[in-house]
């Protein structure tokens, strides 16, 4: 049994295939799956709404509505008064959904058929006077904008929720949320809790949809675990992060923990270079050398104590054509490279970036100005031999791909996976719920971090952390996933101490060792 089976995140298409194979290949009828799903929702209600006397179920015409009728039947058997609003006619339901509607009616459950918005508006009072509302309109198969009658129903549910404090429980996923992307498809239900089946879905954890989910509970309905093994997208939480963490040997020395070189800095952007290099040290690199334009070296000699510097011949206080030979020679024998924080732009900078990437023989993290340079010369992807980690924010990803920022944000996981495969690189698409994707199709969705981290320099810190882990001989995917989680958790610790605004990058840097300690304490059972 895979110990991380519940960390796997399914897309809508993957969930459809799991249902199909469970029914057609494993032999569990769809009726049984629907029964198990509805019973799981009922058991959640039993645990959390023990004294419930009255419930309203708003049902669509598909299988999500069928799940709702199963829940209604269990509630009726427990003595709860149940009213179901069906957005359509009874006769429109098919298959297992129709079967469970008929069973609900046999127990004298009340079904109000609604076929137009005016009729629904007249039911507003029933909705607002409900003790609890169960959302069973749309499930994970929704792939078009919600309009008309369902949109009106969702608006009325939300009004009752916000204006009268009526709790809302969503079946599988809040209606109106795209299960694969987290996109709000016009209108969406704001739920207090969502009860989903088999596996969590990408849309449960991808913003903006993640805001609508409330508490998430996964109910086992009988899908064989081995059928889930082809799903290679994972939730990256504290438990998953510990899988990657390597305890240190008692006899290790600084050389064992690697030597990282960071090419960074230009006039006005020395802070980016300093933060990236300090973060690499805090992440555990044995040695960090900051390679900087020679004319700026004095600044770093004064500012940085533990970080070594390498003054590189420069042109007007930034890297250029003159810098290439010395930089390439200095890379030799190092364990990891970071390229980009604060290096600036220009034709000669593009030449510098190209030569570093093509010449590298150890893993390289590219960020910021390095990514923008790469976007101007994408043909060099074919020439790069070293393992590559790219850490774009949505704007940088847009420049790299030619896709609008809005379209990047609409399907963050899909875009990251597509271009990781195309470029042969690890893609770390930053943002709320950072995505890490590798060329083989393995991906992670990060759960650490918070809005207080939306400030300057945070990306430089992440670059340094990943580079520091790479220098300690973590694999590129391991270093990227662990680095992203550590970065976010360091921000969480800083926010817990200092508040939800005014957090700066150096606050996060100082918390990096505490994150490692916390994760190791989990590994060895020492956490509180």
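Annotation note: of 482, 520, the sole residue that is within 21 Å of the chain's Cα centre (by Cα), over 18 Å from residue 432 (Cβ atoms) and either in contact (Cβ under 8 Å) with a residue 12 or more places away in the chain or assigned to a helix (DSSP H, G or I) (or both) is 482. Counting only strands (runs of 3 or more DSSP E) that sit completely within the stretch 101-175, those holding 3 or more residues that are over 23 Å from residue 12 (Cα atoms) correspond to 110-113. Of the residues screened, residue 340 is not one that is at pLDDT 95 or above, out of contact with any strand residue (DSSP E or B) (no Cβ under 8 Å at 6 or more places or on another chain) and either surrounded by fewer than 24 Cβ atoms within 10 Å (Cβ to Cβ) or within 21 Å of residue 505 (Cα to Cα) (or both). Among the helices (runs of 4 or more DSSP H) contained in the stretch 223-316, which hold 3 or more residues that are in contact with a helix residue (DSSP H, G or I) (Cβ under 6 Å, 6 or more places away or on another chain) and in contact (Cβ under 8 Å) with a residue 60 or more places away in the chain? In the stretch 223-316, 238-244, 270-282 are the helices (runs of 4 or more DSSP H) which contain 3 or more residues that are in contact with a helix residue (DSSP H, G or I) (Cβ under 6 Å, 6 or more places away or on another chain) and in contact (Cβ under 8 Å) with a residue 60 or more places away in the chain.
Can you confirm whether residue 154 is crowded, with 18+ Cβ neighbours inside 10 Å, closer than 22 Å to residue 186 by Cα and free of Cβ contacts under 8 Å to residues at least 60 places away in the same chain? Yes: the conditions hold for residue 154. The set of residues from the stretch 400-454 being touching a residue at least 60 places away in the same chain (Cβ under 8 Å), in a helix (DSSP H, G or I) and under 17 Å from residue 366 (Cβ atoms) is empty.
Across the stretch 306-333, the qualifying residues are those that are out of contact with any strand residue (DSSP E or B) (no Cβ under 6 Å at 6 or more places or on another chain) and on the phi > 0 side of the Ramachandran plot, and the one among them that is surrounded by the fewest Cβ atoms within 10 Å (Cβ to Cβ) is 333. Scan the stretch 383-399 for residues that are under 16 Å from residue 351 (Cα atoms) and assigned to a helix (DSSP H, G or I) and report the count. Final tally of qualifying residues: 1. Here residue 501 meets each of (1) within 20 Å of the chain's Cα centre (by Cα); (2) not in a helix (DSSP H, G or I) with one exception, condition (1).
Among the numbered conditions (1) within 27 Å of residue 256 (Cα to Cα); (2) free of Cβ contacts under 8 Å to residues at least 12 places away in the same chain, the only one that residue 472 does not meet is (2).
The values are calculated or read from the model by the stated rules, or taken from the named source; none is laboratory data. Nothing here was measured: the structure is a model prediction, and the numbers come from that model. Heads up, the Cβs are rebuilt from the backbone with ideal geometry, glycines too, and the neighbour counts pull from every protein chain shown.
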